[in-house]
Amino acid sequence: MQFHLEALYVKGDQRPQSPVLKYSLIYARNLADSRWLVEGGVSYTNRYVREQFTPFQSFFSGDRSQLVAADLTFMYNLLRSNRHAFRIGAGLSLWYTRDGVVENLMGTTTVGGQQLADISFTRNYSHTYNLALALRSSYEYSLTSRVVVGVRASTGGNMLPSNLLTSNLVGTLSTVGLSAGYRF
């Protein structure tokens with residue numbers, strides 16, 4: 001079993017994007033005595049859009065998206081080495097997103113209207129499920145016979161239509177990150 005912490009770059013919706021963190025817990029197992037590997041895992045991403053309350057230079061955490069994904073990936077090791085592994089593969093992901101869209105945005109100003117005193121809003125939540133196809137690659141180096149470190153990259157895309165007006169984490173999601181693991 002391995003724990004992964006990956007930087008996630010989100011693209012696919014109409015707003016400017018910024019990197020966020022994706023936390024993953026992955027269990028990987030070789031198929032028989034071959035170079036094929038099957039990975040099963042779950043991941044979590046929490047993303048806020050940093051928005052400006054215009055015309056003031058005041059920023060707040062606006063629309064929010066949370067993504068929980070369950071993945072099943074088949075990978076093939078291209079290297080024949082005991083210490084190094086370079087794998088490529090593909091698999092399916094089931095995505096659950098909880099999107100909170102900011103509504104009823106209001107600001108209170110000080111006397112004279114020169115400074116912003118308070119920002120208030122409500123957040124309306126929607127829930128969506130989607131199926132995604134994911135392409136992955138990883139490089140791992142064995143520090144010991146049990147401890148591995150590596151670099152991972154993946155990209156995945158929705159297979160079912162999504163509502164771009166309410167969801168921030170839709171379209172294509174690409175990750176690049178570091179991983180550390182322990183072999184049982």
Heavy-atom accessible area with a 1.4 angstrom probe orders 38, 148, 176, most exposed first, as 176, 38, 148
Taking Cα atoms only, Rg over Rh for segment 79-140 with Rh from the Kirkwood formula is 1.43
Row for segment 24-100, column shape: gyration tensor on C-alpha, a ≥ b ≥ c, rounded if a/c < 1.5 i.e. under 1.5, prolate if a/b over b/c, else oblate; value prolate
Share of accessible surface on carbon and sulfur in segment 37-99, whole %, 1.4 Å probe and ligands ignored, is 59
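The values are calculated or read from the model by the stated rules, or taken from the named source; none is laboratory data. Remember, predicted model here, so these are calculated numbers, not experimental data. Heads up: the accessible areas ignore ligands, DNA and RNA and are worked out on the full protein's heavy atoms, side chains in. Shrake-Rupley method; radii C 1.70, N 1.55, O 1.52, S 1.80 Å.
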